[in-house]
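The values are calculated or read from the model by the stated rules, or taken from the named source; none is laboratory data. Quick caveat: nothing in here was measured; it's all calculated off a predicted structure. Here the Cβ positions follow ideal geometry from the backbone for every residue, glycine too, while neighbour counts run over all protein chains shown. Accessible surface areas use protein heavy atoms only, side chains included; no ligands, DNA or RNA. Shrake-Rupley method; radii C 1.70, N 1.55, O 1.52, S 1.80 Å.
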Protein chains: 4
Amino acid sequence: MSGNGYGHTFRFTTFGESHGPAIGCVVDGVPPRLPLSESDIQPWLDRRRPGQNRFTTQRQEADAIRILSGVFEGLTTGTPIGLLIENTDQRSKDYGDIRGTFRPGHADWVYQQKYGIRDYRGGGRSSARETAMRVAAGAVARAILGPGIAIRGRMVQMGPHKVAKRRSRWEHVGDNPFWCPDPQAATQWEAYLDGVRKAGSSIGGVVEVVASGVPVGLGCPVYDKLDAEIAKAMMSINAVKGVEIGAGFAAAALRGEDNADAMVPGRKKGGVRFLSNHAGGILGGLSTGQDIVVRLAVKPTSSILIPGRSVNAAGEAVEVVTKGRHDPCVAIRAVPVAEAMLACVLADALLRHRAQIG
Amino acid sequence: MSGNGYGHTFRFTTFGESHGPAIGCVVDGVPPRLPLSESDIQPWLDRRRPGQNRFTTQRQEADAIRILSGVFEGLTTGTPIGLLIENTDQRSKDYGDIRGTFRPGHADWVYQQKYGIRDYRGGGRSSARETAMRVAAGAVARAILGPGIAIRGRMVQMGPHKVAKRRSRWEHVGDNPFWCPDPQAATQWEAYLDGVRKAGSSIGGVVEVVASGVPVGLGCPVYDKLDAEIAKAMMSINAVKGVEIGAGFAAAALRGEDNADAMVPGRKKGGVRFLSNHAGGILGGLSTGQDIVVRLAVKPTSSILIPGRSVNAAGEAVEVVTKGRHDPCVAIRAVPVAEAMLACVLADALLRHRAQIG
Amino acid sequence: MSGNGYGHTFRFTTFGESHGPAIGCVVDGVPPRLPLSESDIQPWLDRRRPGQNRFTTQRQEADAIRILSGVFEGLTTGTPIGLLIENTDQRSKDYGDIRGTFRPGHADWVYQQKYGIRDYRGGGRSSARETAMRVAAGAVARAILGPGIAIRGRMVQMGPHKVAKRRSRWEHVGDNPFWCPDPQAATQWEAYLDGVRKAGSSIGGVVEVVASGVPVGLGCPVYDKLDAEIAKAMMSINAVKGVEIGAGFAAAALRGEDNADAMVPGRKKGGVRFLSNHAGGILGGLSTGQDIVVRLAVKPTSSILIPGRSVNAAGEAVEVVTKGRHDPCVAIRAVPVAEAMLACVLADALLRHRAQIG
Amino acid sequence: MSGNGYGHTFRFTTFGESHGPAIGCVVDGVPPRLPLSESDIQPWLDRRRPGQNRFTTQRQEADAIRILSGVFEGLTTGTPIGLLIENTDQRSKDYGDIRGTFRPGHADWVYQQKYGIRDYRGGGRSSARETAMRVAAGAVARAILGPGIAIRGRMVQMGPHKVAKRRSRWEHVGDNPFWCPDPQAATQWEAYLDGVRKAGSSIGGVVEVVASGVPVGLGCPVYDKLDAEIAKAMMSINAVKGVEIGAGFAAAALRGEDNADAMVPGRKKGGVRFLSNHAGGILGGLSTGQDIVVRLAVKPTSSILIPGRSVNAAGEAVEVVTKGRHDPCVAIRAVPVAEAMLACVLADALLRHRAQIG
């Protein structure tokens, strides 16, 4: 009820603070006899891990995942999967500043107001460190979905700079530190982000995640629509301020005849083929079998070297500068997290579908 | 598990099809001793009701709400509130066309694929008729929130035409059939929508909903963030394709120092005042006490007179024209529905907060 | 969260008070394409209906069930099934007594303490009238379970008088007004209960419900064990004070070698046959394929003509006599309700099993 | 959805197998600013720990609990509390027997049927080892309940031997290895259980748990009745086959005037005093303020040295003897577990109550 988990049939619950002894999660509802080991999870964590280049925070964590339960002789057993990562990079430093000051744009002040207490070290529970467990759960979700469903993410906008759709290719995504599908944009972004970083500032971005091979009919038709579940899952990622599916906000400016995706008979008997995908793979809350296309807006991190106005615990006006290790563009690290969340939403939808439809 | 309800502590579950005998819902978790009667619910339904002008579908329903339980001598008792609306405008017509044809842009085909059966009459469960129950539940939610929390909605874009922020005033919203806060835009929209309607077409729009007076600290910090719950609730409304909070997608292009809302000491001892509201009233998943600002993108309805390509039940290519009563811009009717959903999210968050914090 | 529903994947939520306009429920998660009509539900309600002989309350209700949604052309559609029964026998009488008095052994006083308000008419929400909706939901559950799973109930003890196991036959259950499987006991009970009734008193009883044909492996192994779910469902029935599975409380006096049910190879390749059923069809929280055997203790109703000591709304000592229509042995009417609840538990377990195992 | 957790508002989810690397749980929904440290949890675990005398299994585990999150500077923060116990006594032994054989009376066979795989080492997930986490979560629940609510358990029957009510005193419970409140019975049990143990057999028992100081009105009135929640929680404990509240099964033989607890005005203005407690502290699903009295029947463990008939993985008839460390009477160790579960049910009920009633 405090909302530290996601999912209904496939459900994971996380715990842990940025500078506590460990972070972890329990993944429940996983079908039995799926091959799973640490080596199926670790690579996804490695993709997310900070400190890999100058554009992400220099926190150095091995983020070594341990499976504590639910797997036996290389196969899931249907019992809950306990996952754990020890926090190894807890610098014993003076937290004096952050202890008594509420950083603007951060959760410090609202946590204090809500709970009357907070673990201020490294942002505590509100730290992006929690997203490591989303990525780990996402790896388990991928094991459920199987190889037929591919989930891929990329950045399509950094600050004011968008990729060109015509130049965008999935195969370019791994060629640059930004998951950028457009090589020309990637070059531009590199210079741009260097400037942002050197200015001690930060910048937002837009991430796009696409799921291919999703079976027709996943989702529930009213409140737990597949797109509603995706919207929740994405908006729950730190720093996300907007989510759209398919044509998204652009659909507002479209006419009905331009927006509705025409259907023609498919090659398979009884199947259909869509001539466009403004729907982003979801109609009436249910998957159509087309690519599910989701975009999320990520705000610039508020942890910057540029002084901001705020208040301290005594209620006095102060100027705040966030020292330490931070990301000039947190949208970059949101890519593997968004992929993982989409995997979790789909795994849950798959099992729910199976419950009702068989 | 089939997702026909919303909420955790405050929870409502709806049932009913467009052309069945009735639609209804059960609202559970309502605190006792709140004044509530049909006359607290009916006005909100009347605002949503179609057929009020030429810009909304001409379906004529009294939509008379009945409270069947949970209220005694004018006060809630803490037991579930059963609500019912009889469907009175079920024209006995020939459904031959829609029965055998899957309308493009509609849920017809995916419902058939998922369930192997569908109540095709008027869209069945996927009809916007279901939203009447959201509005009814929203009225109950408002009773929980009390008069201190105001929730108001308006349209800020119709097709390509946006309102001017500087001309927008809440008091204008009731002056036109579009919930448009900008009188000049309203005039423009009227002519524009007449054109769309006469062309047998439809157009999308953007709705903005604002909650004022929300206490600090509502929401949960990780997966059930207040913005995540809002995103889900809004995306679950028929035809919505995007949701954003505060600066939303525009935040992607902002720098950290421009996006983070500076805080200064407030007038009340220990309180703070924010100098801007890019956050849209939510930080770290918790309400900040500022206005909660949500925008949703509504696609144009696919029910248009312009022929579209589709397939029929036999898998053959057909041309589809949606006859009958329809809205040229369903975003208009989404306004009271979005208000209601925001009320439900906040009522639920309020009770959840109380559970943990007391 | 106010707990007005049961189930996870198959879930129903009820509403309604004894003397309100109607009672009803929403059944969600029902698989599509199951044959269902009012005539599949009404007979179960008729079995439960009071007023059928001198041993049950003389309240006269047709209890005519209406399906409001979720069924189309005689088949379930996978959308929520709305069910409604209008309350037709709301005698307009003076409630003065019950309004200001808390009946001993009833929920009057605790409701008032918890909610600060109560619909005192006929017990309001705490009335056994609510169980009609359990029976209706149970009929839907039976449609999910199919004819291969048989759920049958009987009374095995009335007051101090138990049935003889050796004389008990299911075929006798319908021969008497007590669902008594032992004809000799039935004769004894009739005389006994007449005495109780004439004395203005009431008596408890023990009900046994048995499910046959349940597949192996239903249930969850830890907190949502199948027996745990059954215990909750049964204990949630009005007046139930104890639940046991298989050998139940008698198992406390057994030795391990006497209690453990020996297994031998079954006729089917790989199958097993159990030589006894102390487990009551459940091991480790999972169904074994043997008969699931549940017994529940039902207390005597507190609505009696014999004066009891209590307090009134002013906090003064009063003597209370419950006038009006009441059951001398509510255990009788608990039989169809317990059957229905077991059906609901199993339907839910079946769908949950399918979700995880496929 | 696989049911590895308990609770709604206060909720814990456990993971771990008997012979895996660790067992653990996540406790979510805990209010902030409650004092909590390992030393508040460890003593409860020590009470449950096996190997303390010849009447419990000789497995030797330190069962040292670690708090991994959710506590900061000695106080809860409102974020999830991660708890972990490393399994230190995993004897590396030959599991050949248990691997290929289904022990009668155990979950081995049904696990294999349900999941098609099982971690057979020490019973895997079905091991009583899981109950350590219930006790740990119960310690957190006690922190929520505060010192005003006392939860105490005792054994009231071992095999055929019951305690005498007139001799039973809570202060005797700690004087013997059986949590027996009756010194004379304790002496009898010691000799009796020695005989059972030496015979390589096992015996059942009945445990009674009592909660004092519970506020009036906790619980929900229909499906999530407080007694229904208790029934589920207790029946979910390994080896429990029956649960009763207050008079329980004995209520079946009572008359209404003997069973209904008379109320008289209490000393406090507006308060009431009950003259008896057949209800066991719960009426209409809500707590009455009287002691909540719960009894559970625990079957004899099926792990005995006396050969039992069973089948092996090849489907052949075999004779099974359970070697190794086992409890002659597992009811003894169920006492602290049942106390813990009652604490969890009450903590959850308290927070749920607060959500709706404030």
Please report Rg (one decimal) and Dmax (integer) in Å for the Cα set of chain C.
21.1, 71
What gaps in nm, shortest first, separate C:LYS165 from its twins in the other copies when you place the label 7 Å past Cα toward the beta carbon?
2.7, 7.5, 7.9
Residue by residue through segment B:104-113, what is 3J(HN,Hα) from phi via Karplus (6.51 cos²θ - 1.76 cosθ + 1.60, θ = phi - 60°)? Round to whole Hz and write x for glycine and proline.
x, x, 10, 8, 3, 5, 5, 4, 4, 5
Would you list, by chain and number, the lysines whose Cα falls below 18 Å from the Cα of C:LYS165, excluding same-chain residues fewer than 8 positions away?
none
222 nm [θ] for chain C, helices only, -39500 (n - 2.57) per DSSP H run of 4+, per residue, to 500?
-8500 deg cm²/dmol
As a test of the definition: with a 1.4 Å probe, what buried accessible area, both sides summed, do you compute for A against B, in Å² to the nearest 100?
8500 Å²
Need the list of lysines near C:LYS114 for cross-linking: C-alpha distance under 19 angstrom, and skip anything on the same chain fewer than eight residues off.
D:LYS225, D:LYS268, D:LYS269
Burial of 50 Å² or greater, segment A:290-305 residues [accessible area, probe 1.4 Å, versus chain by itself]
A:PRO300
Which net charge results when you count Lys and Arg as +1 and Asp and Glu as -1 among the other residues whose beta-carbon is under 14 Å from that of A:ASP182?
+2
Tell me the trypsin sites (Lys or Arg not before Pro) within segment B:150-210 that lie in a loop according to DSSP and have at most 16 other beta-carbon atoms within 10 Å.
B:ARG169
Short version: ³J(HN,Hα) in whole Hz for each residue of segment D:132-148, in order, from phi by Karplus 6.51 cos²θ - 1.76 cosθ + 1.60 (θ = phi - 60°), x for Gly and Pro, what are they?
4, 6, 5, 5, 5, 5, x, 5, 5, 4, 5, 5, 6, 5, x, x, x
Selected from C:ARG103, C:ARG66, C:ARG309 as most flexible by GNM, with chain C as the system and alpha-carbon contacts under 10 Å:
C:ARG309
Here the correct list, in nm and shortest first, of distances from D:LYS268 to the same site in the other copies, label points 7 Å along Cα→Cβ, is 3.0, 5.9, 6.6
Quick one: pull the percent of accessible area on chain A belonging to carbon and sulfur, 1.4 Å probe, ligands and nucleic acids left out.
51 percent
About its Cα centre, the protein assembly as shown carries a charge dipole, from +1 on Lys and Arg Cβ atoms and -1 on Asp and Glu Cβ atoms, whose size in debye to the nearest 20 is 0 debye
Loop-only check: which trypsin sites (Lys or Arg not before Pro) in segment D:252-285 are DSSP coil with at most 12 other Cβ within 10 angstrom?
D:ARG267, D:LYS268, D:LYS269
Straight-line reach from B:LYS162: which lysines have Cα under 24 Å away, leaving out those fewer than 8 places along the same chain?
A:LYS162, A:LYS241, A:LYS299, B:LYS198, B:LYS241, B:LYS299
Chain D, accessible area per residue, ligands and nucleic acids excluded (1.4 Å, Å²):
31 Å²
Where the label is 7 Å out from Cα toward Cβ, how close does B:ASP46 come to the same position in every other copy, in nm, shortest first?
4.5, 6.7, 7.0
Using the Karplus curve 6.51 cos²θ - 1.76 cosθ + 1.60 with θ = phi - 60°, what ³J(HN,Hα) values do you get for each residue of segment B:16-23, in whole Hz, with x for Gly and Pro?
x, 10, 3, 10, x, x, 6, 10
Whose Cβ in chain B comes nearest the axis that rotates B onto D, and by how many Å?
B:ALA355, 2
Can you classify the protein assembly as shown as rounded, prolate or oblate using the Cα gyration tensor, where a ≥ b ≥ c are the square roots of its eigenvalues, rounded means a/c under 1.5, and otherwise it's prolate if a/b beats b/c and oblate if not?
prolate
